[in-house]
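The values are calculated or read from the model by the stated rules, or taken from the named source; none is laboratory data. Just so you know, these numbers come straight off a predicted model, no measurement behind them. Virtual Cβ from ideal backbone geometry, glycine too; neighbours counted across all protein chains shown. SASA here: full protein model, heavy atoms, side chains in, ligands and nucleic acids out. Shrake-Rupley method; radii C 1.70, N 1.55, O 1.52, S 1.80 Å.
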Amino acid sequence: MTSKADFTPEEWETVVHGPATASLIVITAQRGGTLRETLALAESYVEARKQRGQSELLDEVVAAKPALDHTRYRSAEELRQTGLQHLRAAIELLEQKATADEVDGYRRFVVDLANRVANAHREDGTRVSNAEQAALDEITGALGPPSGQA
């Protein structure tokens, strides 16, 4: 079992902020719905905390308060580019230190969280806007395929 103790403080920050970063990419992909989407993010963390015990790594990731500091970026595009690189770095760290099942669990959590955020608010009469879907596709691409599906 992999835990926070297996990472340096800088590495842990990369891993722990990945899910919130993915959510911010989705939230900023399309104007409107920011409050509902942010609430969906918070609710997802609360629900994930209730499902403790499946993975020590994920338990520790969701125990951390999601950091939503979009002000570090000058634009949504900068957030998107930097955020996708951040997700790639998190997966790279996890692939070095965690089991394949833990890496897949992290990928699933990030993708599920991003999807839940995207579905929290209707845009132009659709559940997920084209811009949000593009963001979801980029997030999934940055995370890479599940183990054994390269």
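A few remarks follow.
- Qualifying residues in the stretch 48-66 (those that are of a type outside the set (Lys, Arg) and exposed (fewer than 13 other Cβ atoms within 10 Å of the Cβ)) - the one modelled with the highest pLDDT: Gln51
- Any chance Arg80 is without any contact (Cβ under 8 Å) to a residue 60 or more places away in the chain, crowded, with 19+ Cβ neighbours inside 10 Å, charged (D, E, K, R) and not in a loop (DSSP other than H, G, I, E, B): yes
- Selection count where residues are open to solvent by 40 Å² or more (accessible area, probe 1.4 Å) and either among the hydroxyl-bearing types (Ser, Thr, Tyr) or touching a residue at least 60 places away in the same chain (Cβ under 8 Å) (or both), scope the stretch 12-42: 7
- Among the residues examined, Glu138 does not qualify as assigned to a helix (DSSP H, G or I), more than 22 Å from Glu78 (Cα to Cα) and either open to solvent by 20 Å² or more (accessible area, probe 1.4 Å) or touching a Leu at 6+ places or on another chain (Cβ under 9 Å) (or both).
- Scoring Thr140 on the criteria (1) free of Cβ contacts under 8 Å to residues at least 12 places away in the same chain; (2) of a type in the set (Ser, Thr, Tyr); (3) within 16 Å of Gly83 (Cα to Cα) leaves a single failure, condition (1).
- Residue within the stretch 121-131 that is in contact with a helix residue (DSSP H, G or I) (Cβ under 6 Å, 6 or more places away or on another chain), outside any loop (DSSP other than H, G, I, E, B) and either open to solvent by less than 30 Å² (accessible area, probe 1.4 Å) or closer than 22 Å to Pro9 by Cα (or both) present: no
- Positions within the stretch 16-74 being in contact with an Asp or Glu (Cβ under 7 Å, 6 or more places away or on another chain) and part of a helix (DSSP H, G or I), in sequence order: Val26, Ile27, Leu57
- Ala42 among the small types (Gly, Ala, Ser) and over 15 Å from Arg116 (Cβ atoms): no
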